[in-house]
Amino acid sequence: MTERLDGTVALVTGASSGIGEAAARELARHGAAVAIAARRKERLDALAREIEAAGGTALAIEADVTDEAQARALVATTVERLGRLDTVVNNAGQMLLGPIEDAPTQEWERMIDLNVKGLLYVAHAALPHLLAAAADDPRRVADIVNISSVAGRIAGRNAGVYNLTKFGVGAFSESLRQEVTQRHVRVSLVEPGAVATELTDHLRDGIREAVESRLGDVEALEAADIADAIAYIVTRPRRVAVNELLIRPTEQP
């Protein structure tokens, strides 16, 4: 049974492209008012116009979640403008691959700041509002969906710090789940394999080509496939919690 999200509010980070953009569209299609956050405001504005033209409600908020003050302001603005907060999709992230030896450590810092700290800041700021929503109508349940990766399950060569961040997201998610699940805040982890998004655009020359070569002719997932999984998780009845979803392309080894 798929439940509608009418009367609820969702916040999606990293919503200016890829999985975040697709997730915002899908949640709006299910009836949620969506706050969409990223650093590229012009893209957010275009997405908000698209959602509203389709009859939905969207609020575009420019924010860098690696800054704790901005992450807290993002949550506060969402609740102030849209009235509540029922669903958080922690999607913002970076994948900067390469050997650990001689790595530019600025890349490590960027991944830890965004993949870990940004997710933590948003989750921490959102939690009181999610607990309040879970105790209230219309659904009496709330959701945090943290976007991890297959790299959060299997450590691979030339992905050491990316693996570290995604394994950390999984550990944090499970610990938080145990804390709040009896108060009907569901914490879910989504672990995509290869997805056709901008994620590989930030890789250094040589590394990008190596990643593309490793995948060969594998037909990658589309962002909409992951958005569909997110919508499945958050539209389950109150009694059902989907704690973890690993989603690979059919052809991915």
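Values quoted throughout were computed directly from the atomic coordinates according to the rules given, and no laboratory measurement underlies them. Quantities reported herein were computed from a predicted structural model and do not represent experimental measurements. Here the Cβ is made from the backbone with ideal geometry for all residues, glycine too, and neighbour counts use every protein chain on show.
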Discussion item. Suppose the filter is crowded, with 19+ Cβ neighbours inside 10 Å and not acidic (D, E); does L189 pass it?
Written reply: yes
Item to complete: State whether the residues of the range 70-91 include one that is without any contact (Cβ under 8 Å) to a residue 60 or more places away in the chain, more than 18 Å from A24 (Cβ to Cβ) and either touching a Leu at 6+ places or on another chain (Cβ under 9 Å) or of a type in the set (S, T, N, Q) (or both).
Response: yes
Practice prompt. State yes or no: is E101 free of Cβ contacts under 8 Å to residues at least 60 places away in the same chain, surrounded by fewer than 16 Cβ atoms within 10 Å (Cβ to Cβ), out of contact with any Cys (no Cβ under 8 Å at 6 or more places or on another chain) and assigned to a helix (DSSP H, G or I)?
Written response: no
Discussion item. Please list, ordered by residue number, the helices (runs of 4 or more DSSP H) wholly in the range 143-253 having 3 or more residues that are free of Cβ contacts under 8 Å to residues at least 24 places away in the same chain, among the charged types (D, E, K, R) and out of contact with any Phe, Trp or Tyr (no Cβ under 6 Å at 6 or more places or on another chain).
Written reply: 207-215
Discussion item. On the basis of being at positive phi, of a type in the set (G, A, S) and buried (at least 20 other Cβ atoms within 10 Å of the Cβ), does G31 make the cut?
Written reply: no
Worksheet item: When you look at R43, is it of a type in the set (K, R) and over 16 Å from the mean Cα position of the chain (by Cα), yes or no?
Response: yes
Item to complete: For the range 162-179, enumerate the residues that are under 19 Å from the mean Cα position of the chain (by Cα) and not small (G, A, S).
Response: Y162, N163, L164, T165, K166, F167, V169, F172, E174, L176, R177
Worksheet entry | Matching residues, the range 34-51, being surrounded by fewer than 16 Cβ atoms within 10 Å (Cβ to Cβ) and either touching a helix residue (DSSP H, G or I) at 6+ places or on another chain (Cβ under 7 Å) or in a loop (DSSP other than H, G, I, E, B) (or both) | R39, R40
Discussion item. Just to verify a result, which residue in the range 136-186, among those that are within 22 Å of R110 (Cβ to Cβ) and of a type in the set (D, E, K, R), is surrounded by the fewest Cβ atoms within 10 Å (Cβ to Cβ)?
Written reply: R157
Worksheet item: Quick one: which of V88, V79, V65, V75 is assigned to a strand (DSSP E or B) and crowded, with 16+ Cβ neighbours inside 10 Å?
Response: V88
Fill in: A54 being surrounded by 24 or more Cβ atoms within 10 Å (Cβ to Cβ), aliphatic (A, V, I, L, M) and under 30 Å from P237 (Cα atoms)
no
